[in-house]
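Undergrad: The structure is given below, and queries will be raised subsequently.
The values are calculated or read from the model by the stated rules, or taken from the named source; none is laboratory data. What you are looking at is a predicted structure, and each value in this text was computed from that prediction instead of being measured. Here Cβ is always computed from backbone atoms with ideal geometry, including for glycine, and neighbour counts include all displayed protein chains.
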Amino acid sequence: MTMWIVALLVIAFALFFFEIFLPGGIFAIVGGLAIIGAAVLAFNEFGLVTAVFIFLGSGLAAFLLFFVEVKFLTLTPLGKQMKLKSRVEGSSLEPFDLSKTDAKIGTTVTPLSPSGRIRIGESLVDAKSEEGWIDEGIEVEIVGNDVFNVLVRPLDSVDGENP
């Protein structure tokens, strides 16, 4: 029975180790279940104190293994290959201030499904449709804005009709 306890703990730590390389949580969950299984077997064979010691000790050791792996893996050639070195360049559009324009009509540059981009004068603006999908090239009325988008609806539907 002791052999099974040790085997489950070895399997658990191997799974925790591989969780770094194949993230997703499955290996960590199965490893945690293996630790619980080892604690149950220890309880049946040695009693409560040993089971609690195995459970808490293994959990602490797994936690430390994770931080040691993260700290020292990045120093190895394999870890350096796994680390992202490039920078992501780009930016979002500047928020559009409706109070600084009199324009109430724009044209969709991308389909709004329900979000996309519209052109208001010379400005390209993130927009969100109040009425679902709007194709590219459709004139839209600006009806308001929220934190990230200008709210629009198709110009044809202002009278209550949907295009």
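Undergrad: State whether the residues of the stretch 109-128 include one that is of a type in the set (Ser, Thr, Tyr) and within 30 Å of Phe13 (Cα to Cα).
TA: no
Undergrad: Going by the structure shown, is Ile118 in contact with a helix residue (DSSP H, G or I) (Cβ under 9 Å, 6 or more places away or on another chain), in the same structural domain as Val143 (by TED's automatic domain parsing) and closer than 30 Å to Val150 by Cβ?
TA: When the stated conditions are applied, Ile118 does not pass them.
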